[in-house]
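This report concerns only the one structure given below.
Please treat every number below as a calculation from the coordinates, not as lab data. Computed from a prediction, not measured in an experiment: that's the story for all the values here. Ideal geometry is used to build each Cβ from the backbone, glycine not excepted, and the neighbour counts take in all protein chains shown.
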Amino acid sequence: MGDLLIYPAFVCVLSLPCTVGKHCCLQYYLVDGKQILKRKVISDRVLLDEYQIQKGLKFTVMEDVYAPGAVRHQRIKTGEREIPMVVLDILEQNATNHFIRNLSYEKMLKTSACSICLPGPNTRPIGGIDQILNLFCCYTFCHGNDGFNSMKPILRVKYTNEQGNIGNAGVPKVVWYINSYEKKKKILELATSLSQQQLATRQPPPSNVEMMRNDTRKNAEQDDVNLIEQNVSEYSPDEEKRRRSFHSTVEGMFCHKCGMEKMEPDQKFCSGCGVAFMYIGGE
């Protein structure tokens, strides 16, 4: 029976320094967190004025689009879509004790050299050493429940989308939405401008194109003129007269190559061998 009482007493003595240490940390988190929250509210008001975030402001949230049919950790991103939002109101809500203590705890994690040894900002046991320490001390009674109202205000932006869904977020988060969309928009405009410039450099100048078209047109017109002159010279009245006088003779009635008789007086090619008929004065 004595051994059963000795073990809990031994654990209690060993955990006493850790218990006192967590009490001190929770108290420091609460005091330091209130100072951080005070500075945060001031900076949030500055952001509200700088970005003119007020009731009726429209901004856009970029949401990732994934391929359907895949589990969450294996989803494939296929693009992004724009979700228009409208600010409904600027809220002043009271922060919880856990929110205030967590502000200081996150700062300590970034600045402390031995952050792994820091107790968490929760008064409720969340496992590990907190679970053991909670057996010997009630932190909620000393430092307040995590979800209780701390009576310290925090600014939140209430907004809605086209479907009527309502949400709220911190001022820095809304500013991040605005800056992300503007940055994305500038990148798309720059990419469009660069693609247009590349297409313009690949095409020949308009003056060169016009010159090429004019040269082609002139060459075609010259070819037409040459063909007309050739036809006129071949079928001039004198030439036609010589042709008819030759075809009226006996020699002109037969092919000079194969001897095939002409079918018509004006026939130009032999129906037997295909050679052009000869006449007086040339071929």
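Sticking with the crude label model, points 7 Å out along Cα→Cβ, report the distance from Ala191 to Ser43 in nm, one decimal please.
Distance between the two pseudo-spin positions: 3.2 nm.
Sort the following peptides by mean Cβ neighbour count (other Cβ atoms within 10 Å, averaged over residues), highest first: 160-169, 44-53.
Going by the mean number of other Cβ atoms within 10 Å, highest first, we get 44-53, 160-169.
Going down the table (Lys58/Lys152; Lys38/Lys185; Lys22/Lys173; Lys38/Lys183; Lys110/Lys152), which pairs top 27 Å between alpha carbons?
Violating the 27 Å limit, Cα to Cα: Lys58/Lys152; Lys38/Lys185; Lys22/Lys173; Lys38/Lys183.
FRET efficiency for Glu80 and Tyr28, Cβ-Cβ distance as r, R0 = 30 Å, nearest 0.05?
E between Glu80 and Tyr28, to the nearest 0.05, is 0.10.
Between Lys183 and Ala67, what is the label-to-label distance in nm when each label sits 7 Å out along the Cα-to-Cβ direction?
2.7
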